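Working notes, structure below.
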Amino acid sequence: MRLLALLTFLAISAGITLLTPWNTPAAANDLIFKSYSTQGDFKTVLEDVREEITNQGLVIAYHGKIGEMLKRTAADVGDEKPIYKNAEFFTFCSAVLSRNAMKRDPQNIAFCPYSIYVYEPAEEPGTIYAGYRKFTTFGPSKSQAALDAINRLLDTIVREATR
């Protein structure tokens with residue numbers, strides 16, 4: 001930990017900008033999020049994501065409708081410009097993959113449930129994005145291999161749904 005503090009101090013002193021999850025440029029967001037886009041109908045892509053999740057033998061725990069919430073509360077927060085035409089997400093978990101990750105580090109409980117989002121920006125009607133938040137420890141960890149297996153599962157689901 002002292003070494004990290006020393007390296008951070010030296011980098012700042014030398015005028016080097018450190019890339020962290022909080023100050024990454026948009027192009028580096030691929031470190032944190034992974035999404036795919038396709039042209040088409042929102043409901044079709046959403047249903048394709050649902051089918052891919054269940055085709056993997058997983059059960060959807062929750063289906064959230066973020067777009068509807070934002071539309072419903074727009075006037076209350078004083079910003080009625082629409083962000084999304086549609087935006088929803090699914091949460092689910094894999095008992096096998098989650099157990100493996102948690103056996104390696106009990107703090108990996110924070111990664112469950114998994115979430116896949118699907119949205120259509122208001123300014124890009126007909127362009128549908130589907131993606132997920134990547135799981136990483138941001139450093140050497142005995143659990144990264146288990147988290148990588150979860151990332152591969154999420155990537156498979158989203159890629160298949162956006163073909």
Query raised in the report: Taking the Cβ of residue 123 as the center, what net charge do the other residues with Cβ under 11 Å away carry, scoring Lys and Arg +1 and Asp and Glu -1?
Result: 0
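Within the set of other residues whose C-beta is less than 13 Å from the C-beta of residue 43, count the net charge using Lys and Arg as +1 and Asp and Glu as -1.
On the way: positive: 50, 65, 85; negative: 41, 47, 48, 51, 88, 120.
Overall, the nearby charge balance is -3.
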Query - Charge context of residue 91, other residues only, Cβ under 15 angstrom, K/R +1, D/E -1 - result: +1
Query raised in the report: How many percent of the accessible area of the stretch 61-137 is carbon or sulfur, using a 1.4 Å probe?
Result: 54
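Mind checking the full-extension length gain between residue 127 and residue 76? Use 0.36 nm per residue of separation minus the Cα-Cα distance, one decimal, nm. It would help to have the intermediate numbers written out before the result.
Details: separation 51, 0.36 × 51 = 18.36 nm, distance 2.80 nm.
Extending this stretch completely gives an extra 15.6 nm.
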Report task. Quote to one decimal, in nm, the extra length available between residue 155 and residue 41 on full extension: 0.36 nm per residue of separation minus the C-alpha distance between them. Result -> 39.0 nm
Query raised in the report: How far apart, in nm, are two points set 7 Å out from the Cα along the Cα-to-Cβ line at residue 54 and at residue 66?
Result: 2.3
Report summary line: Residue by residue through the stretch 41-52, the couplings from Karplus 6.51 cos²θ - 1.76 cosθ + 1.60 with θ = phi - 60°, in Hz, x for Gly and Pro, are 9, 4, 4, 5, 5, 4, 5, 5, 5, 4, 5, 5
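The values are calculated or read from the model by the stated rules, or taken from the named source; none is laboratory data. Note that the coordinates shown come from a computational prediction; the quantities given were computed from them, not determined experimentally. Neighbour counts run over all protein chains shown; Cβ positions are idealised from the backbone, glycine included. The protein model used for the area step is the full one, side chains on, heavy atoms only, and it has no ligands, DNA or RNA in it. Shrake-Rupley method; radii C 1.70, N 1.55, O 1.52, S 1.80 Å.
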